[in-house]
1. For Asp115 and Glu74, compute 0.36 nm times the residue count separating them, minus their Cα-Cα distance, and round to one decimal in nm.
2. What residues qualify as long-range amide H neighbours of Met59, i.e. H under 5 Å apart, gap of 5 or more or another chain, H built at 1.01 Å from N?
3. Amide H to amide H under 5 Å from Lys79: which residues, 5+ apart in sequence or cross-chain, H placed 1.01 Å off N in plane?
4. Sorted from fewest to most neighbouring beta carbons within 10 Å, what does the list Arg16, Arg61 look like?
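Computed from the coordinates by the stated procedures, all read-outs in this text should not be read as laboratory data. All values reported here derive from a predicted model rather than from experimental measurement. Heads up, the Cβs are rebuilt from the backbone with ideal geometry, glycines too, and the neighbour counts pull from every protein chain shown.
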Amino acid sequence: MGGRVVLLAEDEPIVRNVVLLILQRQGFAVLVAFDGQEALELSRAYKGTISLLVTNMQMPRIDGSRLAMLLLRERPELKVIQMSGKTSQEIAGRNRAMPFLRKPFLPSELRLRIDELFRAAPGTIAEILKLAAGIAKALPR
């Protein structure tokens with residue numbers, strides 16, 4: 001994965017540090033944000049390519065789902081993994097279209113999800129982006 005940049009948005013310090021370590025061990029450069037607003041600002045200030053957003057779904061100021069939608073408008077090729085302590089059924093019930101990891105998770109689970117995203121056929125990512133754009137339009141502003 002060398003050379004790729006990940007934007008990590010996580011408000012829980014312990015989780016943030018563990019995920020940061022996992023990503024760094026996979027060879028990613030990591031931009032770290034403490035909440036959704038800071039992640040949005042980091043993304044806008046960073047002029048290079050950001051390959052992946054790893055975000056907690058529930059954070060202060062801007063939650064992870066809204067953050068993903070905003071960033072996908074600005075960076076349509078961005079891949080996204082959302083994390084939450086809620087069950088995947090709760091997430092699915094809220095019509096979340098992006099890959100999801102339930103906390104707590106093992107480092108191998110995060111690595112596997114990342115590998116799956118980067119190996120996914122372009123059509124699959126394009127379909128996710130179209131679905132995500134539809135969800136973004138439906139979100140209240």
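1. Numbers: separation 41, 0.36 × 41 = 14.76 nm, distance 2.35 nm.
Extra length available between Asp115 and Glu74 comes to 12.4 nm.
2. Amide H neighbours of Met59: Gly64.
3. When sequence neighbours closer than 5 places are left aside, the close amide H contacts are Leu52, Leu53.
4. Numbers: Arg16 18, Arg61 14.
Going from least to most buried by this count: Arg61, Arg16.
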